[in-house]
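The values are calculated or read from the model by the stated rules, or taken from the named source; none is laboratory data. All values reported here derive from a predicted model rather than from experimental measurement. So basically every Cβ, Gly included, is an ideal-geometry build from the backbone, and we count neighbours across all protein chains shown. The accessibility values were calculated without ligands, DNA or RNA, using every heavy atom of the protein model including side chains. Shrake-Rupley method; radii C 1.70, N 1.55, O 1.52, S 1.80 Å.
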Amino acid sequence: MMGPAHSLSGAAAWLGVGAAAAAAGHTMPWPVLVVGALITAGAALAPDLDHKSATISRAFGPVSRGLCEIVDKLSHAVYKATRGPGDPRRNGGHRTLTHTWLWAVLIGAGASAAAIAGGRWAVLAILFVHLVLAVEGLLWRAARMSSDVLVWLLGATSAWILAGVLDKPGNGADWLFSAPGQEYLWLGLPIVLGALVHDIGDALTVSGCPILWPIPLGRKRWYPVGPPKVMRFRAGSWVELKVLMPAFMVLGGAGAAAALNFI
């Protein structure tokens, strides 16, 4: 799928988690719901770090472009080193390492560890990166028309404000993990969810997605998981733009209402 659809699906997924938590009697504090939805929207773009033309490659200028080249080469190297007898030869690393459940879990765990070890500045960095990506995905038309500096300023300002809101007692810094020293340990959860939602979205397209790696399926270790081919669509097609994106908006709105106990 394309960047806007990935971000919308990510935000809708977190809002759905909020609705499920409310139904189970564990309503999220509203700042956790909002911040988690934004982080998930941004994290849903991150697996495309292996693609030099993806939205994330443009998000942070030369830094993200250089990182995308490194991740592309790393992913290709891992693919070549681990491919099974049924896996085809490839010239690049797109839709390999960063499109797996293992990558999603490792990135989320790394973010949680950084939030605990690095304190407030690490939290601000995590928020800044994902809020910039959320702007690039959810407000992509406006982001394309404005300068990168303005998007970065918006991300930095929003990160500072939202971190301040979360720090207030009862607003969610210690949501889910309340032991001393575990504030913001939950930040890894929306990052894992965003990456997995991205992978599931890509699995719906004609190429499929090797989300189960390194678990082998038959003679393939990089099996492109997906529904029957008749149910798949091309990225950027009318199915994505006219069906899925409106559906994500509706589901996200319904999830937010349920999460806040409005319905």
ask   = From the residues in the range 15-52 that are among the charged types (D, E, K, R) and buried (at least 20 other Cβ atoms within 10 Å of the Cβ), which one is farthest from Asp202 (Cα to Cα)?
value = Asp50
key: Any chance Pro88 is more than 26 Å from Leu124 (Cα to Cα), surrounded by fewer than 24 Cβ atoms within 10 Å (Cβ to Cβ) and modelled with pLDDT under 95   = yes
query = Using beta carbons and a limit of 7 Å, which pairs, at least six apart or on different chains, have the first residue in the range 245-263 and part of a helix (DSSP H, G or I) and the second one among the polar types (S, T, N, Q) and open to solvent by less than 30 Å² (accessible area, probe 1.4 Å)?
reply = Phe248/Ser9
query = For the range 39-61, does any single residue satisfy the condition of being in contact with a Phe, Trp or Tyr (Cβ under 6 Å, 6 or more places away or on another chain) and within 30 Å of Phe262 (Cα to Cα)?
reply = yes
query = Of the residues Ala113, Ala125, which is over 16 Å from Val35 (Cβ atoms), modelled with pLDDT of 95 or more and in a helix (DSSP H, G or I)?
reply = Ala113
remark   = Picked from the range 215-240 (must be without any contact (Cβ under 8 Å) to a residue 60 or more places away in the chain and among the aliphatic types (A, V, I, L, M)), the residue surrounded by the fewest Cβ atoms within 10 Å (Cβ to Cβ) is Val230
Tally, over the range 103-158, of residues that are within 18 Å of the chain's Cα centre (by Cα), of a type outside the set (Gly, Ala, Ser) and closer than 28 Å to Asp174 by Cβ = 16
inquiry  = Just to be sure I understand, how many residues within the range 53-85 are open to solvent by 30 Å² or more (accessible area, probe 1.4 Å), without any contact (Cβ under 8 Å) to a residue 60 or more places away in the chain and among the hydroxyl-bearing types (Ser, Thr, Tyr)?
reply    = 1
task = Look at the range 91-107 and say how many of its residues are part of a helix (DSSP H, G or I) and open to solvent by less than 90 Å² (accessible area, probe 1.4 Å).
result = 8
